[in-house]
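The values are calculated or read from the model by the stated rules, or taken from the named source; none is laboratory data. Keep in mind that what you see is a predicted model, and the values were worked out from it rather than measured. FYI the Cβ positions are ideal-geometry reconstructions off the backbone, even for glycines, and counts take in every protein chain you see. Only protein heavy atoms, including side chains, enter the accessible area calculation; ligands, DNA and RNA are left aside. Shrake-Rupley method; radii C 1.70, N 1.55, O 1.52, S 1.80 Å.
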Amino acid sequence: MSDKPPSQPTWGGRFETKPAELMTRINASIGFDKRLWREDIEASKAHAAMLRDQKIIPAEDADAILKGLDQIAEEYARDGVPVRDELEDIHMTVEHRLSELIGPAAGRLHTARSRNDQVATDFKLWTMRACDDVQRAISDLQDALLARAEEHAETVMPGFTHLQVAQPVTLGHHLMAYHAMLDRDFVRLMDAELSMSECPLGAAALAGTGFPIDREATAQALGFTSGPTANSLDSVSDRDFALDFLAAAAFCSLHLSRLAEELIIWASPQFGFVKLSDDYSTGSSIMPQKRNPDAAELVRGHSGRIIGCLTSLMVTMKGLPLAYSKDMQDDKEPVFEAYDLLMLSLEALTGMIATVTFVPERMRAAAEQGFSTATDLADWLVREAGVPFREAHHITGRAVKVAEERGCNLDALPLDVLKDIDQRIDERVFDVLSVDASVRSRTSFGAPRLSVSASRSRGRGRTDGLPPRLS
């Protein structure tokens, strides 16, 4: 590529002098929007082919443009995109290089389009593909969760409310709760991608064009399944697709943060439920005994940044009049940042789940504390003795008080002590007072006993739920 800068910006015909150096720097986006180079070249090729087929530009010029764009793609794939602030953005960078390669014919490429519809198209294409990437990463994490859930389908652990021992569950059940959350994240991304299925190309600056373009052809060539957008003003001012992606990313990051938080808590000596692998732990520079769950902590921290990306773009967009404003140049960095952080978080958690060592004996010991089968005693009184639940609740509360005074679990209370509390209790009650019996008794759909197999059969975030281009 020539090192000679353009003598005047592409848009500079009505200006007498070049912009100030500071204006050039604040106006430039090439430093970050160079990530759109594949989409920019792809959309430009579709536009050039359409212009040729519609006989808007000469076929020989269109063919030269297509050949030149292919060469630029090869250069960028091999060497990266050159960053020159005076060329402003990826669109002008590609067009400038094209003019170096093929001469004046390059100037015909921008016929019947504007940078406004060009960037909307490029950015939407990139965001659609980002949705695909995140869906794949979600599926990988779900695979890891499912594999460990099946491995520990019978491993008893405490279920918590308020971080207090509540009722016995299984580790498989607990892991599949995150599988279910990721199902919803997967579907949110599918919904977001569906909303991106209309093509803005051809809306031009804001009012369409007088050239006889074929917007259906370019939409089809670029994979926009719902055809072209219907309103040219909305086409160039819409960034809902970016917000939809960021909202889905924020939801997903919240779920990842919750899983990371539990791994952090479980890895502490006070819990001791897991031992994180060396691959996803670090040490201390001063305390040799430390094993820090830094990867999980960073996933938790990334969630805040991803939420900030969503907030940032929402605030940018909230007051903009139609159609395009330069504020919208700041739409890409939050999306790129959120994508990078979310993909890194998904990959890190997938690795952590695949390599973590669970400690079933610590989980069982914790499940047997805190009178976790108290609800089973109340349910037994209702089911076997015909006691109204509120009365059964009070009876069970008295039994818990006695067990607490004696320093034992409910299943260690002698039968005569239980009968002193309520004469309707008999020896059958011991069939439900152990943690194993509690888990076995819960057979309703979605309960611990059946949750792994039920989630596997109903999960939407599996390979068979992928969009056609992903499956």
query = Computed over the Cα atoms of region 15-117, what is the convex hull's projected area averaged over all directions, in nm²?
reply = 6.9 nm²
Under Karplus coefficients 6.51, -1.76 and 1.60, residue-wise ³J(HN,Hα) of region 383-396 in Hz, glycine/proline x = 6, 9, 10, x, 7, x, 4, 5, 5, 4, 4, 5, 4, 5
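At 1.4 Å probe radius, can you tell me the per residue accessible area of the chain in Å²?
Working: 22210 Å² over 471 residues.
Heavy-atom accessible area per residue stands at 47 Å².
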key: Helix 115-151 axis, angle to the chain major axis (alpha carbon atoms, nearest 10°)   = 20 degrees
key: Helix axis angle, 240-266 relative to the chain longest principal axis, alpha carbon, degrees   = 30 degrees
Efficiency of FRET from Cβ geometry, Ala147 and Lys419, R₀ 45 Å, rounded to 0.05 = 0.45
query = How much accessible surface area, in Å² rounded to 10, belongs to the heavy atoms of Leu322 with a 1.4 Å probe?
reply = 130 Å²
remark   = Candidate cut points under GluC sites (Glu not before Pro) in region 45-104, DSSP loop plus at most 10 other Cβ atoms within 10 Å of their own Cβ, are none
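State the number of lysine pairs found in the chain whose Cα atoms come within less than 15 Å, restricting to pairs 8 or more positions apart or on distinct chains.
Details: Lys34/Lys124; Lys34/Lys332; Lys45/Lys67; Lys124/Lys332; Lys275/Lys290; Lys318/Lys326; Lys401/Lys419.
Taking the chain as the scope, the lysine pair count is 7.
What does the charge count near Glu384 come to, summing +1 for each Lys or Arg and -1 for each Asp or Glu among other residues with Cβ under 13 Å from its Cβ? Walk me through the numbers on the way to the answer.
Values: positive: Arg383, Arg424, Arg428; negative: Asp376, Asp379, Asp422, Asp426, Glu427, Asp431.
That sum, taken over residues with Cβ under 13 Å, equals -3.
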query = Measuring from label point to label point, each 7 Å out along Cα→Cβ, what is the Ser325 to Thr357 span in nm?
reply = 5.8 nm
remark   = Nearest 10, in degrees from 0 to 90: the angle of helix 90-102 to the longest Cα principal axis of the chain is 40 degrees
Charge-dipole axis of the chain as Lys and Arg at +1 and Asp and Glu at -1 on Cβ define it, positive-most pick from Leu342, Met128, Thr155 = Thr155
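Hey, any idea what % of region 21-111's accessible area is carbon plus sulfur with a 1.4 Å probe? Display every interim value, and only then the final one.
Details: 2040 of 4050 Å².
For region 21-111, the apolar C and S fraction of the accessible surface comes to 50 percent.
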request  = At 1.4 Å probe size, with no ligands or nucleic acids counted, give the accessible surface of Met190 in Å², nearest ten.
outcome  = 70 Å²
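Rank these by accessible area, largest first, 1.4 Å probe: Val83, Val156.
Details: Val83 75, Val156 5 Å².
Final ranking, largest accessible area leading: Val83, Val156.
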